[in-house]
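Undergrad: Quick one: this structure, given as structure tokens, is what I'll be asking you about.
No value in this document is a laboratory result; all are computed from the given coordinates. What you are looking at is a predicted structure, and each value in this text was computed from that prediction instead of being measured. Virtual Cβ from ideal backbone geometry, glycine too; neighbours counted across all protein chains shown.
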């Protein structure tokens, strides 16, 4: 394996710009969605995409994989999907008189888990070890996953029949939750012209490779986050837990992911240090989906809880 190059924050910012521009050639996605997607990639996180059918969720995952020259796999979740269909299984080889491990789709770099809430809770739980530990265990044998490893899971909010709600433990594994939304009228008109006769994702050429992405992840890890900033993150978490509208506030894992995401945003902006502005910019997409509201509270109040927490906690 080739040694990954060393990158500084300015080079991470340049890498992020290249990937964003490349994806934008094939997918009409909001700028903040592309930003959050890159943040999850560089901070070693995962993405939950909640949106309507046909807005480009699959195309976004494929475009990212082609842009970074990474292996891509897709899992279509159904009620009869088994954990072995996702992580792999041992198959007996009669010729060699032994069992061989046949890896599942999670052994790719970019894994699209489509309509994750249509899979059974047992299959959903099979993703937890992959997303958190970066390995799978089959028959007491541990198999390491590819690096980088990014799960993009989608669910369609309007299709409730035949779905299973994601448990809090699994929601907590996703670094960010994003929504693409419908494109503007001009973007949709342009899409009818550009995409009517071909799949634009197939036209994309890689603008980087997995070795450079791994180097960018190392550079993000080296971004400075002061003790004062860490205390600020913890104070924001405490504020969500103290809100009367919330039964369970943001977890310690949420704080770790918010801190890592803030460092990734700093690197994407060419900085070697993290600011409170980074935390404030990402608190909504990192914390909102992790909150469990108290009985009588509506789902829309999650956003208000995070916003009010940021307002109550003084910035450094």
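Undergrad: What order, most packed first, do the peptides 96-102, 76-82, 57-63 have when packing is the mean number of other Cβ atoms within 10 Å of each residue?
TA: Highest to lowest by the protection proxy: 57-63, 76-82, 96-102.
Undergrad: If you don't mind, there's one more thing I want to ask. Report, to two decimal places, the Cα Rg of segment 194-289 normalised by 2.2 N^0.38 Å (N = number of residues).
TA: Compared with the compact-globule rule of thumb, segment 194-289 sits at 1.42.
Undergrad: Could you give the length gained on full extension between residue 190 and residue 122, defined as 0.36 nm per residue of separation minus the Cα-Cα distance, in nm?
TA: Working: separation 68, 0.36 × 68 = 24.48 nm, distance 4.23 nm.
Full-extension gain reported as 20.3 nm.
Undergrad: Moving on. Tell me, 175, 131, 191 in order of fewest to most beta-carbon neighbours within 10 Å?
TA: Working: 175 29, 131 22, 191 15.
Going from sparsest to densest Cβ surroundings: 191, 131, 175.
Undergrad: Between residue 92 and residue 203, what is the label-point separation in nm under the 7 Å Cα-to-beta-carbon projection?
TA: 5.2
Undergrad: Further, regarding this structure: May I ask you to derive the relative contact order of the chain, considering only C-alpha pairs under 8 Å and at least 6 residues apart, and to give it as an integer percent? Intermediate results must be reported in sequence, preceding the final value.
TA: Details: 560 pairs, mean separation 78.9, N = 316.
Value for the chain: 25 percent.
Undergrad: Calculate how many DSSP beta bridges within the chain are antiparallel, expressed in % of all such bridges and rounded to the nearest 5.
TA: Restricted to the chain, the bridges split so that about 40 percent are antiparallel.
Undergrad: Turning to a different aspect of this structure: When the helix-only estimate is applied to the chain (DSSP H runs of n ≥ 4, each -39,500 (n - 2.57), divided by the residue count), what is the mean residue ellipticity at 222 nm, nearest 500 deg cm²/dmol?
TA: After summing the helix terms and dividing by the residues of the chain, the value is -13500 deg cm²/dmol.
Undergrad: Also, I was wondering about something else. Quick check: Cα centre of segment 180-223 to Cα centre of segment 8-68, how many Å?
TA: 6
Undergrad: Between residue 52 and residue 132, what is the FRET efficiency for a Förster distance of 45 Å, r being their Cβ-Cβ separation, to the nearest 0.05?
TA: E(calc), rounded to 0.05, equals 0.95.
Undergrad: Separate question: Need one number: nm distance between label points at residue 101 and residue 25, each 7 Å from Cα along Cα→Cβ, rounded to one decimal.
TA: 3.7
Undergrad: On alpha-carbon atoms, Rg over Rh for segment 265-316 using Kirkwood Rh?
TA: That ratio is 1.08, to two decimals.
Undergrad: Let me ask you something else. Order these by the 10 Å Cβ neighbour count, fewest first: 135, 141, 46.
TA: Values: 135 14, 141 10, 46 22.
Listed from fewest to most nearby Cβ atoms, that is 141, 135, 46.
Undergrad: Using a Förster radius of 51 Å, what is the FRET efficiency between residue 211 and residue 308 based on their Cβ-Cβ separation? Nearest 0.05, please.
TA: The pair residue 211/residue 308 has a calculated efficiency of 0.75.
Undergrad: Another one. How high is the relative contact order of segment 223-312? Use alpha-carbon pairs under 8 Å, at least six apart in sequence, and give a whole percent.
TA: That works out to 36 percent.
Undergrad: Using a Gaussian network model of the chain with C-alpha springs under 10 Å, which one of 267, 26, 281 is most mobile by mean-square fluctuation?
TA: Ranking 267, 26, 281 by mean-square fluctuation puts 281 first.
Undergrad: A follow-up question, please. Taking the simple approach of a point 7 Å from Cα along Cα-to-Cβ for both residue 182 and residue 231, what is their distance in nm?
TA: With each label placed 7 Å out from Cα toward Cβ, I get 4.9 nm.
Undergrad: Mind ordering 177-185, 271-279, 108-116 by average Cβ neighbours within 10 Å, highest first?
TA: Averaged packing, sorted descending, gives the order 108-116, 271-279, 177-185.
Undergrad: Order these by the 10 Å Cβ neighbour count, fewest first: 92, 232, 72, 52. All intermediate terms of the calculation are to be shown ahead of the outcome.
TA: Details: 92 9, 232 23, 72 17, 52 14.
With the sparsest Cβ surroundings first, the list reads 92, 52, 72, 232.
Undergrad: If you stretched the chain out fully between residue 141 and residue 84, how much longer would it get, using 0.36 nm times the residue separation minus the C-alpha to C-alpha distance?
TA: Contour length minus the Cα-Cα distance gives 19.1 nm.
Undergrad: Cα centroids of segment 277-302 and segment 99-128: how far apart, whole angstrom?
TA: Between the Cα centres of segment 277-302 and segment 99-128 lies a distance of 27 Å.
Undergrad: Rounded to a whole number of µm²/s, how large is the Stokes-Einstein D of the chain at 25 °C and 0.890 mPa s, given Rh as the Kirkwood radius over C-alpha pairs?
TA: The estimated diffusion coefficient comes to 119 µm²/s.
Undergrad: When the chain is treated as a GNM, springs tying every alpha-carbon pair under 10 Å, which of 211, 262, 153 comes out with the largest mean-square fluctuation?
TA: Of 211, 262, 153, the most mobile in the Gaussian network model is 211.
Undergrad: Let me ask you something else. If I stretch the segment between residue 242 and residue 74 completely, what's the gain in nm (0.36 nm per residue apart, minus their alpha carbon distance), one decimal?
TA: Contour length minus the Cα-Cα distance gives 56.5 nm.
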